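One structure is given here, and the rest of the page talks about it.
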Amino acid sequence: MPPRRSHKKSRAGCRRCKVRKIKCDEVHPRCGNCSKHGVSCDFEHPSIRDTHAPKPAPANEASSVPAPTTEPSRPNSSASVTASAPSSVTHGDSPTTLSDTTTPTTITGNTPAPIYKTPEPPPLSSTTSKKNRMLELKLLHNFTTVTAKTLSVSSPVLEKIWRVTVPELAFSSASYLADTLLAVSALHLRSSSPHDRELIRASHSYMASACSEYGACLSKGVTESNAEALFLTSALIAFQSTASRIFSRDDVYDRTTGYSLPLSWFHSFQGVKAVVAATWQWLRMSTIVIPIIESQPALNLDLSGHPTFFSDLMVGVEDEIAKFESDPATEIETRIAYQHAIAVLDWAHKIPYTGAPLVFLATVSRRFIELLEARRPRALAILASYFALLKCLGDVWWLKGVARREIMGIVSLFDPDDEEWWARLQWPLRIALHDDSIIPPQVWGRDWAVQTTNTTQNGGFVSHIELLSDMFSSMPQMNSATPDLEPAHQYIVEQGGMMRDILLPEGLEILPVD
């Protein structure tokens, strides 16, 4: 028989290994066996050494298991403890489980049960760090105390709705509305600290999350329960899309880099119009939405063809149509698109300080947006005149500097020697270069103060939406079902010699971090 292999006995092992009669590797501060089983080791905690002393075996086991006599015994409060199910054990800050050990066994009187430490109190959130929670509190506080006041034009009722009612609705029913609210607040704070990386990330990440959930909710269908939240989210997305433009580079109108048209403004505001059309049967009864819509002045458009302030923008339209359009239906759509856009300009030009210019983005037709994308000179001149109207709202943080920057960008797209269009760009240029947001009538071209006192004739904006709703209800596609909300889908309605259409939500462009 070959000699037995020599081995080193463990004479300085921990008490637990000795009790279990297994070899201890004597690794400090906790031996390998104790680490493996996730239990305390008397190397690490000498104060628990005495607790590892063996207990007297029960009477039925006395004949087979001799009781140790080398150590004093202590009372056994439990004859046996079954460890057949995984149990959490906390060691410092690293939780482990007994499920990581070998096959579950029964711990009897001579095998002490693992010693458990009292677990630390769980964090308030398992997914949100304390730093992020503080950021969200900061954003919510800013929205309710500052941002909400900037989302309405001199209306205490609307201010309370944005400050109190909208957050309450977000907390109770729609996380995407809460994310949109936080995104807008982050962008507002960023307007004062444009290089704050935390605010930049927060603005984009909250808006990306909101758009994802918002789109998923739209795809499932609009209902009475989500109508208000969808409208408010679409409105805040429109604000976010508009405000993001103020962080564009200063050289957006440089010829070497080219000027980028703010088409996302139109897409987002037309999305608001689409949500209103799809949910109006419920929104018309809402105490939250109706005050917001009714705060807009009545949309009274002059489509008579009589000369107006912006009539010169229609000069030569027939020659343009003959040159670029070959389809009779497209000819009609193009002509009506220009007429309607100019009619909205004339209406807003009379009452600029009421917030009327913002309505332009939601009321122009899909065809007009296509003409902008094609960069037709007439469409660009109309857009320059629209930005001139925004000069009156330049004190609002999300419109600050917009008029000058966008008008100069549009002008850069024209040839300086273009006599036909250069003359028509003179008015928006004069407005853009004016130093004060209060523009005198001789520069503005109209005594807007007189017109502002009479803005509610022929009903409010709700009556305009009621008209559109009646048109939609007569369409076979609608027939009491949720309208298709695919971006490419379009409803075109003809009423009184005028084409109106609804551009349904397009994908919102999330600007990259600078």
Note to self: Residues of the range 369-395 with the amide nitrogen closer than 15 Å to a label point 7 Å from the Cα of residue 330, along Cα-to-Cβ, please.
What the structure shows: 369-376
Notebook entry, point to check: So, with a 1.4 angstrom probe, what is the percent of accessible area on the range 150-200 that is carbon and sulfur?
Noted result: 55
Notebook entry, point to check: Accessible area of residue 241, 1.4 Å probe, to the nearest 10 Å²?
Noted result: 10
Check: With each pseudo-label sitting 7 Å past Cα toward Cβ, what's the residue 173-residue 370 distance in nm, one decimal?
Finding: 3.7
Check: Can you list the residues, at least 5 places off or on another chain, whose amide H is less than 5 Å from the amide H of residue 42, using H built in the peptide plane?
Finding: 15, 16
Checklist line | Accessible surface, 1.4 Å probe, highest first, among residues 314, 207 | finding: 314, 207
Check: Which pairs break 23 Å Cα to Cα here: 350/391; 149/391; 160/350?
Finding: 160/350
Next item on the list: Would you tell me the accessible area of residue 353, worked out with a 1.4 angstrom probe on the heavy atoms of the protein chains, in Å² to the nearest 10?
Entry: 50
Margin query: Could you work out how much longer the chain between residue 435 and residue 319 gets when fully extended? Use 0.36 nm per residue separation minus the Cα distance between them, nm to one decimal.
Written below: 38.0 nm
Item checked: Distance (nanometres) between label positions extended 7 Å along Cα→Cβ at residue 132 and residue 223 -> 2.8
Next item on the list: Sort the following peptides by mean Cβ neighbour count (other Cβ atoms within 10 Å, averaged over residues), highest first: 357-364, 233-240.
Entry: 233-240, 357-364
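Grab the alpha carbons of the range 232-381, take their convex hull, and tell me the volume per residue in Å³. Provide the component values of the computation, followed by the final result.
On the way: hull volume 22.0 nm³, N = 150.
Normalising the Cα hull of the range 232-381 by residue number yields 147 Å³.
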Next item on the list: Measure off 7 Å from each Cα along the Cα-to-Cβ vector at residue 247 and residue 208, then give the distance between these two points in nanometres to one decimal.
Entry: 1.3
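Fully extended, how many nm does the chain gain between residue 301 and residue 191 (0.36 nm per residue separation, minus their Cα-Cα distance)?
Values: separation 110, 0.36 × 110 = 39.60 nm, distance 3.52 nm.
Stretched fully, the residue 301-residue 191 segment lengthens by 36.1 nm.
The values are calculated or read from the model by the stated rules, or taken from the named source; none is laboratory data. Please read these numbers as outputs of a predicted model, since none were measured by experiment. Neighbour counts are summed over all protein chains in view; Cβ atoms, including those assigned to glycine, are modelled from backbone coordinates with ideal geometry. Accessible surface areas use protein heavy atoms only, side chains included; no ligands, DNA or RNA. Shrake-Rupley method; radii C 1.70, N 1.55, O 1.52, S 1.80 Å.
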